[in-house]
Amino acid sequence: MKGSPIPIGNWGPVRRVGQCFGKVGHAKRDRAAILSENCHRYIETIAGMAKGGFILCTLNYLLHKDELAYILRIQDHLFYSSIENTYLW
């Protein structure tokens with residue numbers, strides 16, 4: 001496609017994100033939260049989760065861990081992180 005911001009061959013990671021969540025037992029419309037700095041994996045994850053039919057909540061990585069834990073607790077989200085060496089709650 002002429003003028004496409006992402007070459008057609010690079011959509012593989014986007015498809016794999018949604019497929020991976022489906023393969024581990026999550027169904028469409030399940031909720032997920034993502035904590036990530038801005039990077040290509042973040043964009044791939046947002047697009048992949050949308051393509052897989054998941055409801056995504058983006059979290060601000062500048063929040064304190066207690067604030068993040070509170071958000072996750074009250075929203076009952078499945079948690080996913082694309083930041084390397086991130087502690088998961």
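The values are calculated or read from the model by the stated rules, or taken from the named source; none is laboratory data. The structure displayed is predicted, hence computed values, not measured ones. Because the Cβ atoms are built from the backbone with ideal geometry, glycine has one as well, and the counts that use them run over all protein chains shown.
Considering only region 33-53, how many residues are in a loop (DSSP other than H, G, I, E, B) and touching a helix residue (DSSP H, G or I) at 6+ places or on another chain (Cβ under 6 Å)?
Qualifying residue count for the region: 1.
Taking only pairs six or more apart or across chains, which ones have beta-carbon atoms under 9 Å, a first residue in region 34-60 that is closer than 19 Å to TRP11 by Cβ, and a second residue that is surrounded by fewer than 18 Cβ atoms within 10 Å (Cβ to Cβ) and among the acidic types (Asp, Glu)?
Taking only residues 6 or more apart or on different chains, the pairs are GLY53/ASP30; PHE54/ASP30.
If I ask for residues that are among the hydrophobic types (A, V, I, L, M, F, W, C), surrounded by 14 or more Cβ atoms within 10 Å (Cβ to Cβ) and over 12 Å from the mean Cα position of the chain (by Cα), which ones from region 7-55 would you list?
Within region 7-55, TRP11 is the sole residue that qualifies.
Give the residue that is modelled with the lowest pLDDT, with candidates limited to residues of region 1-22 that are part of a helix (DSSP H, G or I) and aliphatic (A, V, I, L, M).
The extreme case among them is ILE8.
Can you find, within region 59-89, the residue that is farthest from ARG29 (Cα to Cα) among those that are surrounded by 14 or more Cβ atoms within 10 Å (Cβ to Cβ) and modelled with pLDDT of 85 or more?
By that ranking, first place goes to LEU68.
Hey, does region 23-32 have a residue that's modelled with pLDDT of 80 or more and assigned to a strand (DSSP E or B)?
Checking region 23-32: at least one residue is modelled with pLDDT of 80 or more and assigned to a strand (DSSP E or B).
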